[in-house]
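Here it is, the structure in full.
The values are calculated or read from the model by the stated rules, or taken from the named source; none is laboratory data. Treat the numbers as computed from the prediction; the structure is a model and nothing was measured. Every residue, glycine as well, gets a Cβ built from its backbone with ideal geometry; the counts of neighbours run over all protein chains shown.
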Amino acid sequence: MNDLLLDLIDHLTSKGLVEGDGIDSFRDFTPETPDNVFVVHEYSGSPLPFQDTFTHRSLQLTVRDKSANRAKTQCIKIFNELSPVDRYKVLSNGRWCQIYPRQSPFKIKVDDAGRTTYGFNIGITTERD
């Protein structure tokens, strides 16, 4: 069974934007270390019609870095890769999706360790996992 969050990380890895799952990129979990991470969080999306072979999902993508400028720059690069003009995207493994950015990257917080997190939210329609 495919995992959309892993597929997104693998796609960004293939584009040289992240190092890989469990290295600097994580799914639904933000670890304390390393300092510089990319995380994909899924939150409640639309209910699934039983007859559909596709699903609508909601994701927040975040970048945390010791440097606020690097966090912002990396977040913008990821946003640009996942925000096609025509909204249709084929990931590196062949999975199709339509991506709807809900806003451009924004500063989320600075934590107690001085690390800055930037992020953005997307709606995504794709085949069911």
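Pick out the one residue from Glu81, Glu42, Glu127 that is over 13 Å from the mean Cα position of the chain (by Cα) and surrounded by fewer than 18 Cβ atoms within 10 Å (Cβ to Cβ).
Unique residue meeting the criteria: Glu127.
Turning to a different aspect of this structure: Please find, within the stretch 1-44, the residue that is nearest to Thr125 (Cα to Cα) out of those that are small (Gly, Ala, Ser) and out of contact with any Leu (no Cβ under 8 Å at 6 or more places or on another chain).
Only one residue fits best here, namely Ser44.
Quick check on Ile78: is it in a helix (DSSP H, G or I) and among the hydrophobic types (A, V, I, L, M, F, W, C)?
yes
Taking the stretch 81-123 on its own, how many of its residues are modelled with pLDDT of 95 or more, touching a helix residue (DSSP H, G or I) at 6+ places or on another chain (Cβ under 6 Å) and not in a strand (DSSP E or B)?
The qualifying residues number 1.
Every residue in the stretch 63-75 that is in a helix (DSSP H, G or I), out of contact with any Ser or Thr (no Cβ under 6 Å at 6 or more places or on another chain) and of a type in the set (A, V, I, L, M, F, W, C), please.
Cys75
Are any residues in the stretch 15-42 touching a residue at least 12 places away in the same chain (Cβ under 8 Å), more than 17 Å from Arg115 (Cα to Cα) and not charged (D, E, K, R), and if so, which ones?
Leu17, Val18, Val40, His41
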